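Here's the structure, in structure tokens; my notes come after.
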Amino acid sequence: MHPDVKALIALQAEDEIVEGIMQQLDAIAPRLAALDAVRARTIKSVNELRGTIEADDRKRVDLSQRLTDHKQRHDKNVAQLDVVKRMREATAAVSQVEMGRKVLVELEGSLRDVTNRVNEARRILGDREAELAMLDEEQVGARREIQEERDVLTVKLVEAQKARDAEAASINAPLRNKYDRIRQRRRSQSLFALLAGACGSCDTAIPVHRRQSMSTTGAVEVCEACGVLIYAKE
Ligand SMILES: [Zn+2]
């Protein structure tokens, strides 16, 4: 076998190793993304809950202020009852006090509701925050494992690329460039032996005189049908 062909076969084997490691590295990204997605969901629910609590808490403060104001006015109206003398004024004052009492009861009810709501939401928020902390703790192990895998693969990749470059250096530049171009385009096997007088990739028959010349010179040629490199085994 021609030394060029031998070297190209070896180079292709090194390329397959490099690409295999790259595929393993690519497969890591979705695993990390899955961990991130789970975490993002919990964070989103925690943040939504915090937003709800903030809004309800503002309502609570506002209601509490309104209640205080209303109570003061109401107390004043109640005190006024004692000083009104005339019947018409007295009737108006009594109905004002009654109405004021109704509003008081309503305001107190609303304040109680919103306070309960805030307290319940705070309790749930506490649970969610604990869940998030637990999740982070659980993910520490998984993330470390992934990082370790990535580190090992990165070291392997550097070594494989070095071996690949060393192999490539032994091949004459025009042939090596031709191979590299085809490999980049195909991203898979790019060098094929002739099989029963046909291209090993697309099975297109190669004319006899060309096959014979490839056998005698050891030349590596491009298949005109599918564009891969072809060589004669003997
Ligand atoms: Zn072909």
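In terms of the Cα gyration tensor, with a ≥ b ≥ c the square roots of its eigenvalues, is the range 172-234 rounded because a/c is under 1.5, prolate because a/b exceeds b/c, or oblate?
In terms of gyration-tensor shape, oblate.
For L111, what is the net charge nearby, where nearby means another residue's Cβ is under 10 Å from its Cβ and Lys, Arg count +1, Asp, Glu -1?
Once all neighbours under 10 Å are counted, the net charge is 0.
Using Cα springs under 10 Å in a Gaussian network model of the chain, which residue among L191, L104, L135 shows the largest mean-square fluctuation?
For the chain, modelled as a Gaussian network with Cα springs under 10 Å, the answer is L104.
Hey, what D do you get for the range 1-77 in µm²/s if you plug the Kirkwood alpha-carbon radius into Stokes-Einstein at 10 °C and 1.306 mPa s?
This corresponds to a translational diffusion coefficient of 83 µm²/s.
Compute the accessible area per residue over the range 172-234, keeping the other protein chains in place, probe 1.4 Å, unit Å².
57 Å²
Using a basic spin-label model with each label point 7 Å from the Cα along Cα→Cβ, how many nm lie between R31 and D113?
5.2 nm
For the ranges 208-216, 161-169, what's the packing order if you count other beta-carbon atoms within 10 Å of each residue, average per peptide, and put the highest first?
Ranking the peptides 208-216, 161-169 by packing returns 161-169, 208-216.
Set the bar at 30 Å for Cα to Cα. Now go through K59/K102; K59/K85; K6/K162 and name every pair that lies beyond it.
As for pairs spanning more than 30 Å Cα to Cα, those are K59/K85.
What nm distance separates the two modelled labels at T68 and M134, each placed 7 Å from Cα along Cα→Cβ?
4.0 nm
Add +1 for every Lys or Arg and -1 for every Asp or Glu among the other residues with Cβ under 13 Å from the Cβ of A37, and state the total.
Residues close to A37 contribute a combined charge of +3.
Name the residue from T42, I206, V94 whose Cα lies farthest towards the positive end of the charge dipole of the chain, charges +1 on Cβ of Lys and Arg and -1 on Cβ of Asp and Glu.
Farthest along the dipole direction, towards plus: V94.
Note down the magnitude of the dipole of the chain about its Cα centre, charges +1 on Lys and Arg C-beta and -1 on Asp and Glu C-beta and zero elsewhere, to the nearest 20 debye.
1000 debye
For the range 172-234, with only Lys/Arg (+1) and Asp/Glu (-1) charged at the beta-carbon, what is the dipole magnitude about the Cα centre, in debye rounded to 20?
300 debye
Could you please state how large a percent of the accessible area of the range 17-170 is carbon and sulfur, counting protein chains only and using a 1.4 Å probe?
55 percent
I'd like to check one number: the per residue accessible area of the range 17-170, probe 1.4 Å, reported in Å² as a whole number.
Ligands and nucleic acids excluded, the result is 70 Å² per residue.
Near R187, within a Cβ-to-Cβ distance under 14 Å, what is the net charge of the other residues, with Lys and Arg +1 and Asp and Glu -1?
-1
If you keep only loop residues by DSSP, which trypsin sites (Lys or Arg not before Pro) in the range 41-126 have at most 12 other Cβ atoms within 10 Å of their Cβ?
K85, R86
Expressed as a rounded percentage, what relative contact order does the chain have, with Cα pairs under 8 Å and six or more residues apart?
Answer for the chain is 30 percent.
Would you calculate the separation in nanometres between label points at D57 and E16, each defined as 7 Å from the Cα along the Cα-to-beta-carbon direction?
A separation of 6.3 nm, rounded to one decimal place.
Considering only A33, Q147, T216, whose Cα is most displaced toward the positive end of the charge dipole of the chain, charges sitting on Cβ of Lys, Arg (+1) and Asp, Glu (-1)?
After comparing all options, I get A33.
For the chain, what does the helix formula give at 222 nm: sum of -39500 (n - 2.57) over DSSP H segments with n ≥ 4, over the residue count, nearest 500 deg cm²/dmol?
-29500 deg cm²/dmol
Given H placed on each backbone N at 1.01 Å, which residues far from I230 in sequence or on other chains put an amide H within less than 5 Å of it?
The list, which skips near neighbours in sequence, is F192, E221, V222, C223.
The values are calculated or read from the model by the stated rules, or taken from the named source; none is laboratory data. Everything numeric in this text was worked out from a predicted model, so none of it was measured. Neighbour counts run over all protein chains shown; Cβ positions are idealised from the backbone, glycine included. With ligands, DNA and RNA removed, areas are computed over all heavy atoms of the protein, side chains included. Shrake-Rupley method; radii C 1.70, N 1.55, O 1.52, S 1.80 Å.
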